[in-house]
Amino acid sequence: MKTASSAPPALLATALGFRITFLSAILSLFTTMESHAAAGDLDPSFGTGGKVTTVSSYSGFYGINAAAIDASGRILATGTVGIGTEPVSFAVTRYTSLGELDTSFGVDGEVKTDFPGYIAFAEAIAIDSDGMIVVAGWLGSQTIARRGGFALARYTTTGVLDSSFGTNGKVFTEFPDGPTTGTSVAIDGNGRILLGGYALRTGPGTTDKDFSLVCYTPTGALDATFGTGGIVTTDFYGEQDIANSLVIQTDGNFLPTHRACWISNPRSPAEPYPARDCCG
């Protein structure tokens, strides 16, 4: 499988819309040189004057943390909902290419997924060549017994959790040394899923964050051929290292499984992981 990346000739921008009692998602579509309007203008064929605002049926604050466009030009936005007695959960909304809620997805275009016992924050989204939707993030907890960790959910094209993935469509990975935060996701040419972020290390009088990368098989199991039990953690000189983005590349030598992963961080240099350490 390969990550689907066919997008219409327009630029999608997402803006955070925080509300205390309801979800507000704001999307804007800007034209490019290929459209008839001037480059950079809002696309009048999308939503209302190039903008879409959605008030969700789910309660709680919401911010669009990531968006993706599938092979049919439909737009998926993901973030977090939940407040008070409502569990803090992953949320995904799908729009048609014209900016209308896609009612064939979930319930009236929306899906909410909770992880019982945890608060769940969705940070990234990717779509594979079969149209399966992978949402990645992290779980937190207010109890000492639960430390939290990396989390994934995979959905079918209709917004139903994929029962062939993980446990009823969900995966949770707890790191052995401390809590972690997942911030980015990518899917390689074999359908394996890479989730990047950071692990929190604590010691006497200090707290350190290290780059962390986890590789999963297409069914959501940890890939034992990757790192140590599917996990790689990298420290840069004791700094606060947070992986904010993740890209998978071929090496140009006609070896489709020989890949390198680049993780970028504003405070640490980008460093490639050798192919043997990155889902090679």
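The values are calculated or read from the model by the stated rules, or taken from the named source; none is laboratory data. Here the structure is a predicted model, which means the values were calculated and not measured. Cβ: placed from backbone, ideal geometry, glycine included. Neighbour counts: every protein chain shown. SASA here: full protein model, heavy atoms, side chains in, ligands and nucleic acids out. Shrake-Rupley method; radii C 1.70, N 1.55, O 1.52, S 1.80 Å.
Amide H contacts under 5 Å for residue 123: 136, 137, 138, restricted to partners 5 or more places along the chain or on a different chain, H placed in the peptide plane at 1.01 Å from N.
Listed values for region 220-231 are Karplus-derived 3J(HN,Hα) couplings in whole Hz (6.51 cos²θ - 1.76 cosθ + 1.60, θ = phi - 60°), namely x, 7, 4, 7, 5, 7, 10, x, 10, x, x, 10, and x replaces Gly and Pro.
Surface calculation, 1.4 Å probe, protein heavy atoms: residue 51 sits at approximately 110 Å² accessible.
Please label the shape of region 45-195 as rounded, prolate or oblate, based on the square roots a ≥ b ≥ c of the eigenvalues of the alpha-carbon gyration tensor (a/c under 1.5 means rounded; beyond that, a/b larger than b/c means prolate, else oblate).
Oblate shape, in that a/c is at least 1.5 and b/c is the bigger or equal ratio.
Close amide H pairs (under 5 Å, H built 1.01 Å from N) link residue 247 with 262, residues at least 5 positions away or on another chain. Here the Karplus curve 6.51 cos²θ - 1.76 cosθ + 1.60, taken at θ = phi - 60°, turns the phi angles of region 209-214 into couplings of 10, 10, 3, 9, 9, 10 Hz, with x standing for Gly and Pro.
Using the Cα centre of region 65-176 as the reference point, and only Cβ charges (+1 on K/R, -1 on D/E), how large is the resulting charge dipole? Debye, rounded to the nearest 20. Display every interim value, and only then the final one.
On the way: 7 positive and 12 negative charges, 69 e Å.
Around 340 debye, computed over region 65-176.
Amide H contacts of residue 66 (H built 1.01 Å from N, in plane; Pro and chain starts excluded): 78 sit under 5 Å, all sequence-distant by 5 or more or on other chains.
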